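Have a look at the structure below before the remarks.
What follows is calculated from the coordinates using simple rules that are stated; it is not laboratory data. Small disclaimer: the values here were computed from a predicted structure and weren't measured.
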Amino acid sequence: MAATAKVAEEAERLLKAGEVQEAIDLFDSALGAAGAGTGAGGLLLGKGQALLAAGRRAEAERCLARALEEAGTDGQRTFIRNLLLLSAQGAPVSTEHVALAASGDSLVSSPNCLNGGWSSGRLIVNEGIVTPVPEPCAAPSCSAGGLPAFAEEFTEFERAVVLHVSKHGAGAWDLYRGPGTASAADLRQIWELLRPAVDAALAVDPSMPCGHTCGTCPTRPACQLHGALADVEDIGAGPVAAA
């Protein structure tokens, strides 16, 4: 964590100096050295914030989605969700407090100024967005692969496609890491076939395996599924291999 904080502090200095690409390169270098080990979530968070500052929102959202999976604390996850909300709204993102957010040490334990706002107790504010830090789920959530009862009739492959869309939207098929091997065009076609059943099921706000509904889900701000049901996005045509 100390190494992450040191990198993030230097990146924050670069961002404040207007050297945005240099800050992104610094995070890339640190991520290459750290791999998926301790601190990767904080580094991805910092890189995502830097990408937002550069106006590269699509890249930033993919990076922040990965950061959300590897974040070390509830406070850090809430900070990431707020950044994703700001990106979805097209709102400007401050380059303040990159180091604090990336380290994640005191996001909730004491009042702090965070990205144009503050945190206290179990609340975090980013640029006017107020979000409570959620209590941990009592059971695996949709982010862990759980889906409501309507998905029981889906194959494992189809469930993986829906899960991919919840994390990355109806696109970015190069990031697909579920079972099977399929081209981007095939994955898109499968999603289009599943879309009506998913849309109808979510319209009634179903309960998930974790006990939340979509409306009460603490990870709703970061979920891409609802937007994907309404949006039509372009895809690439290259082959996608399962991890």
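Worth a mention:
- Three-way shape label, segment 1-98, alpha-carbon gyration tensor, a/c 1.5: oblate
- Taking 0.36 nm per residue of separation and subtracting the current Cα-Cα distance, fully stretching the chain between Arg57 and Ala88 would add 10.3 nm.
- Cα-based reach from Lys6 at 28 Å (exclusive), listing lysines while leaving out same-chain residues under 8 positions away: Lys16, Lys47
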